[in-house]
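Structure record follows, encoded as structure tokens.
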Number of protein chains: 2
Amino acid sequence: MSISNSDLKIVADTVRTLSMDAIEKAKSGHPGMPMGCADIAAVLWTKVMRYNPDDPEWMNRDRFILSAGHGTMLLYSMLHFSGYDYSIEDIKNFRQLGSKTPGHPEFNVRLGIETTTGPLGQGFANGIGMALASKMLADEFNGDGEPIIDHYIYSIAGDGCIMEGITSEAAALAGHWGLGNIIYIYDSNSITIEGSTDMSMSHSVRTQFESYNWHVLEIDGHNFDEIEKALNEAKAVKDRPSLIIARTMIGKGSPNKQCSEACHGAPLGEDEVKCAKESIGCDGDVCFNVPERVYEIFSSVKQEQKACYDSWKKLFEGKVKGDIKKRWDSCFSAPDAESLRGAMPEFKAGGKIATRTASGKVMEVLFEKLPHFIGGSADLGPSNKTFISGYSESGRNTLGRNIHFGVREHAMGAIQNGIACYGGFIPFSATFFVFMDYMRPAVRMAALSHLQSIYVFSHDSFYVGEDGPTHQPVEHLSAARVIPNLNVIRPADAEETVEAWISALKRTDGPTMLILTRQDVPSIDRKCSSAKDLEKGAYVIHDTEGKPDIAILASGSEVHVSMEAAGMLADQGINARVVSFPSWFIFDKQEEAYRSSVIPEDVPVAVVEAGSRTGWERYAGCHALFITIDDFGISAPAEVLAGHLGMTPEAVAGRIRDFLKR
Amino acid sequence: MSISNSDLKIVADTVRTLSMDAIEKAKSGHPGMPMGCADIAAVLWTKVMRYNPDDPEWMNRDRFILSAGHGTMLLYSMLHFSGYDYSIEDIKNFRQLGSKTPGHPEFNVRLGIETTTGPLGQGFANGIGMALASKMLADEFNGDGEPIIDHYIYSIAGDGCIMEGITSEAAALAGHWGLGNIIYIYDSNSITIEGSTDMSMSHSVRTQFESYNWHVLEIDGHNFDEIEKALNEAKAVKDRPSLIIARTMIGKGSPNKQCSEACHGAPLGEDEVKCAKESIGCDGDVCFNVPERVYEIFSSVKQEQKACYDSWKKLFEGKVKGDIKKRWDSCFSAPDAESLRGAMPEFKAGGKIATRTASGKVMEVLFEKLPHFIGGSADLGPSNKTFISGYSESGRNTLGRNIHFGVREHAMGAIQNGIACYGGFIPFSATFFVFMDYMRPAVRMAALSHLQSIYVFSHDSFYVGEDGPTHQPVEHLSAARVIPNLNVIRPADAEETVEAWISALKRTDGPTMLILTRQDVPSIDRKCSSAKDLEKGAYVIHDTEGKPDIAILASGSEVHVSMEAAGMLADQGINARVVSFPSWFIFDKQEEAYRSSVIPEDVPVAVVEAGSRTGWERYAGCHALFITIDDFGISAPAEVLAGHLGMTPEAVAGRIRDFLKR
């Protein structure tokens, strides 16, 4: 069936009426965007995009990302029409507790939601990650003849997305990498929440994106022919990402509110909805109506999609078999992390090595054993020890397993999330721990969306030394641990670093953050435990006979300091237990019996950590001794600072002695 | 004295030798940038910039910002030569504990450091804030004839700064506002830490900045004549910011390491330093040598600067006197916040108003009473209630007290910091609390630099409702409170909002963050206290006769919920005290006697807050009842969520009853 412009109009107008109705019923939502972009969506879903609602996980489907996430009703409308698992009842439940139709899209591939969006710019950058993953998968599996992976990444981004810095970062990388599978539509409606974009935005988006090596087109976003032509032109440009600047009217179809901020983020109101429906040519009193013609159109679209899907399936089965199939499957299943333990580097007790360096050695093994382990640093590879030589690298018009993100932490985090959403790869990213702040919104999205994004954050305390307070994390451990569903691991030494990586690989339903030292730390001679105990979050690494006089809780580089302090205390007749405490997140999941065996109720507790005290009270009690760092750092050599800040074994032992005397 | 190119060369070469020596002695630092930019700096400090080391606070001095903050030795060298309070001993103490010469520049106007830099892009954006403040001061005070304020903002930014998203945001705003007093030099040395910028950067920076309405020049950054000519051209362009793209050789002068990442962030090594000195024409064995000619040059520069300063002083004294002088002085002194109390809006107990709305009403008074109170929102003015109508607004080529930042939270925070560094204004910024994450690095810089940046963050909990988990802050209160030197205030009602603003205005040595509700909350009928008690951080807002059975600690919208719960508990014979706890930061500064009078040791404690529990243990003890939100939110109407999440008065009373029964 050929789809006429009047078909497209009926689809687009039904997006408008459905959006208005759902938002009106919820008394909450953003009608402007779905109404303004309805014409574009109608073309995308009926004439351009390839998808299969019966197999939403089809790897060669086109991805659609609603970067302007507040426009959810656009997405739910199209997903309902096209046969995804959304009923009219689901639409009526828009924004209600427990519904399938929350206020912003929440990552759920089975439901056709490719990534979580809402915080502006995140979706834009996620798509760059998907495009990268798609290209790398294609490079590996397409071989000769017809390609297995040749789909596109579509997105609609608004003025807000364009203004966010993360978008500039991601766009520069997409252009640098020459990601021709990107087709983004910029919904240029010249209206933001405060009013006309003239208030805050007057730059040339065309020129900006051309500077980033993008192919830029400009169209009337309400002209079906122009939309389709532009999308086809964009598809034909394979060596650069495409941006289609679509001039649109926000809230198009609302006679009294279109083209104004009044329709951006609030229901139009009953009267205006009625008026809008009538001006569109619908019955103003009928709600949640989807004309039969819309379902007919999508039924025919589905048939065409099915044919396309079936022929891909045949191609896939013909091409991806035997060893290739094994490789394919290994991309899409969790690695057997336990089995990697045998291949891991060994670190002799008593040797000294920075945990970042130990991590680098682990990563060499991971690069060898896990061909789908990819990632990189925001220009700190040599410092983070995350650049693994001997493997491919990204560069101009080139992709590789070592990704050079440049100094773009925020885009790095969101691109990584896009790779994780896409699947087929386990992505890591890296920077100095203090610069986690630059990518925090992306870390939050990984945690919220249950993505296996792995972070390698080195230079984890004042031991950064001379670079001073701007580069010395203080509050970052506390601020990271407080993000729900994020596993923050701060290994004590090389052996725990191995275990931390194994833990990160095993955790497929959420992000893991490895917090690593800049400075060398001794590999601990474990007498009463094994580094494998990291899997319990905290464990006794050094103990005394009989009941201890003090239990010292420490993480990272403070574990060996605490053990040395314990030795000094022993000489003075004080029995100290030392608990290595790499992960609160894991420890919280242990049974009460184990937790109280590690930190007995009736033993005084000291906490030793080169970071903020906040939160440690939960484990140490409120009357514990806190040897922590609660103010900004200072520029000085690390060992001088350790003395100045009271973080040497001598100082720690002294403070514990005084504490016990009280 | 006219300064010849050979004079410039000797100055530049001395920057190189001094930088190499200081970094070598410290065994730490970044020689590449100072050596690469020495020629530019020589021209800037001898022929272009206007400053007076004897009055470093001179308001009409040119500002210089080392956005590429790792290149500190460039700055310390120039400040030493030009007569600021840096001796050769200070240079020898580079990066040592307690020295005047820390690893990255730390804000200190008396020492010629205009802002703290190091985290890339911050300085770039700070300068835009300074340029804005300068223009607004000029608009107010220049009047007719010769201008009082007509200086420039200079900065050197590297590849890293250019790649950061914050820079794109800030550059777009600078172009939009037409800030012709900006002259930035892009140190385009094509090298980053990982190696050639080709790895991660291939876009046209010229085109990018032209898209933002900047005037762009390209020069050889080692050709004195080109440098001077470009700077003069940039000065002449008054309607747009200027970017001078200077092609430089990183580490110029180091025969074996220049033009490579090897000289970026580590000492060159003794042999290479010797070799470099000899190739420059100096004695390879002499360290920390400043040729007499350098001091002669700067002595003559100082004389010229002095003449310029003196004539400005005369002009200033002639023009700025009487009422104008009073206005000028009021810009540069802390407002008498106490005296504002009488003018503040009054809120009747029992009325209902969202604290964001109460804040908006306070801000109307502040706009009226404090002409130098300026700021705005990242496109959420109508939601944050921060747009104050009847006052000037920023726009294309226009500045005003209501600043439209667009959807650019990160640049907003850093521009605000730049305004605070500059002086003359008290700046605020605003967004939804959840998007604090987007500007967290700038908030940290404000706290670190002791700037009076005020944040208005509304929509502070799950009460955001339908927008769902991407928009509902959970961990943000904990994550904000953990930043050192940041006062986070979450007022309980309209009256506390007034007091929170007074507190923010009084606090001139650090940032204050106001955390405000979206939803209406009742104005509390205070029987045993006054909202003024906010100045103690926490206070008893509701009490019982005799010893309470439970002390409930609550902040923000949970205070009235707790008071209602206390009422229900009273009906059941349980005496509950309610403590309104708007600020940990302030409470921590109170005397122990006061603190223990508010939260007695022997009374069971409950914490009620619509945010993460982390950190509350410090006040509540570890065995308290925590009625907090520790997982991501859900999309649903706010009142439905309150029930679902157990945050209603009934649910709170029920949990406290059960807790006390145990």
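The values are calculated or read from the model by the stated rules, or taken from the named source; none is laboratory data. All of these numbers come straight from a predicted model, not from anything done at the bench. So basically every Cβ, Gly included, is an ideal-geometry build from the backbone, and we count neighbours across all protein chains shown. To get the accessible areas, we keep the full protein, side chains included, count just its heavy atoms, and leave off ligands, DNA and RNA. Shrake-Rupley method; radii C 1.70, N 1.55, O 1.52, S 1.80 Å.
Numerical summary
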item	result
Relative counts (whole %) of C-alpha pair distances in the stretch A:1-92, using bins that are 10 Å wide	17, 49, 31, 4
Beta carbon of chain A nearest to the axis of the rotation taking A to B, residue and angstrom distance	A:165, 1
Cα gyration tensor shape of the stretch A:526-568, rounded if a/c is under 1.5, else prolate or oblate by comparing a/b with b/c	oblate
Kirkwood hydrodynamic radius over Cα pairs of the stretch A:75-120, then Stokes diffusion coefficient at 10 °C and 1.306 mPa s, in µm²/s	148 µm²/s
Label 7 Å beyond Cα on the Cβ vector: residue B:368 copy-to-copy distances, nm	7.5
Cα pair count fraction exceeding 15 Å, expressed as % - the stretch A:333-411	61 percent
Degrees, to the nearest 10: B:322-331 long Cα axis against longest axis of chain B	70 degrees
Convex hull volume per residue for the stretch B:174-227, taking Cα atoms only, in Å³	102 Å³
Gyration tensor (Cα) of the stretch A:575-615, equivalent ellipsoid semi-axes in angstrom	17, 16, 9
Relative contact order (percent, whole number), chain B, Cα cutoff 8 Å, 6+ residue spacing	12 percent
Packing rank of A:155-167, B:185-197, where each peptide gets the mean count of other beta carbons within 10 Å, highest leading	A:155-167, B:185-197
Partner chain coverage, peptide A:152-164 - average Cβ within 10 angstrom	3
Cα-based helix-to-principal-axis angle, B:72-82 vs chain B, degrees rounded to 10	60 degrees
Value in Å of the Kirkwood radius, where the stretch B:386-469 supplies the Cα pairs that are averaged	13.8 Å
Cα-derived Rg over Rh, computed across the stretch A:421-568 with Rh taken as Kirkwood radius	0.99
Residue-averaged [θ]222 nm for the protein assembly as shown, counting only DSSP H segments that reach four residues, each worth -39500 (n - 2.57)	-12500 deg cm²/dmol
Lys/Arg +1, Asp/Glu -1 at C-beta; the protein assembly as shown dipole; positive extreme among B:593, A:175, A:464	B:593
Modelled label reach - residue A:314, point 7 Å along Cα→Cβ, the stretch A:32-67 residues with backbone N closer than 18 Å	A:60
Computed log₁₀ I(q)/I(0) - Debye formula, equal Cα scatterers, no solvent, chain A, q 0.05, 0.09, 0.11 Å⁻¹	-0.27, -0.79, -1.04
Cα extents of the stretch A:253-326 along the three principal axes, largest first (Å)	63, 29, 17
Alpha carbon centroid spacing (whole Å) that separates the stretch B:75-144 from the stretch A:512-527	37 Å
DSSP-defined antiparallel bridges as percent of all bridges, chain B, nearest 5	15 percent
Kirkwood estimate for the stretch A:134-181, i.e. one over the average of 1/r between Cα atoms, Å	12.6 Å
Average silhouette area of the stretch B:558-662, convex hull of alpha-carbon atoms, in square nanometres	7.2 nm²
Where only alpha carbons of the stretch B:536-595 are counted, the Rg and the Dmax (Å)	12.0, 36
Other protein chain Cβ atoms within 10 Å, averaged over every residue that makes up A:480-489	4
Listing of the stretch B:420-466 residues, each with accessible area lower by at least 40 Å² in the full protein assembly than in the chain alone (probe 1.4 Å)	B:437, B:438, B:440, B:441, B:444, B:448, B:466
Residues of the protein assembly as shown: accessible area per residue with a 1.4 Å probe, Å²	31 Å²
For residue A:88, label point 7 Å along C-beta direction: distances to other copies, nm	8.9
Summed buried accessible surface, chains B and A, 1.4 Å probe, nearest 100 Å²	8100 Å²
Rg/Rg_ref, the stretch A:202-277, where Rg_ref = 2.2 N^0.38 Å and atoms are Cα	1.43
Inter-chain Cβ neighbour average for residues B:204-211, partner chain, 10 Å	6
At 0.890 mPa s and 25 °C, Stokes diffusion of the stretch A:121-160 via Kirkwood alpha-carbon radius, µm² per second	217 µm²/s
Cα long-axis angle, helix B:32-43 against chain B (0 to 90 degrees, to the nearest 10)	70 degrees
Copy-to-copy label separations for residue B:546, where each label sits 7 Å from Cα toward Cβ, in nm and ascending	4.7
Cα→Cβ-extended label distance, 7 Å offset, between residue B:304 and residue B:528, nm	7.2 nm
Extension reserve of the residue A:223-residue A:338 stretch, reckoned as 0.36 nm per residue once the Cα distance is removed	35.8 nm
Order by protection proxy (mean Cβ within 10 Å, highest first), peptides A:483-490, A:468-475, A:381-388, B:297-304	A:468-475, A:483-490, A:381-388, B:297-304
Coarse-grained scattering of the stretch B:469-545 at q = 0.24, 0.26 Å⁻¹, given as base-10 log I(q)/I(0) from a Debye sum over alpha-carbon atoms	-1.21, -1.29
For the stretch A:498-644, the fraction of alpha-carbon pairs in successive 5 Å shells from zero, as %	2, 9, 18, 23, 21, 15, 9, 3, 1, 0
Kirkwood Rh in Å, taken over all unlike Cα pairs in the stretch B:102-225	16.0 Å
Percent accessible area from carbon and sulfur atoms, the stretch A:24-127, protein chains only, probe 1.4 Å	43 percent
Simple Cβ-charge dipole of the protein assembly as shown, Lys/Arg +1 and Asp/Glu -1, about Cα centre, in debye nearest 20	180 debye
Calculated log₁₀ intensity ratio I(q)/I(0) where the Debye formula runs over C-alpha points of the protein assembly as shown, q = 0.08 Å⁻¹	-0.97
Whole-Å distance, taken between Cα centres, linking the stretch B:190-248 and the stretch A:148-222	24 Å
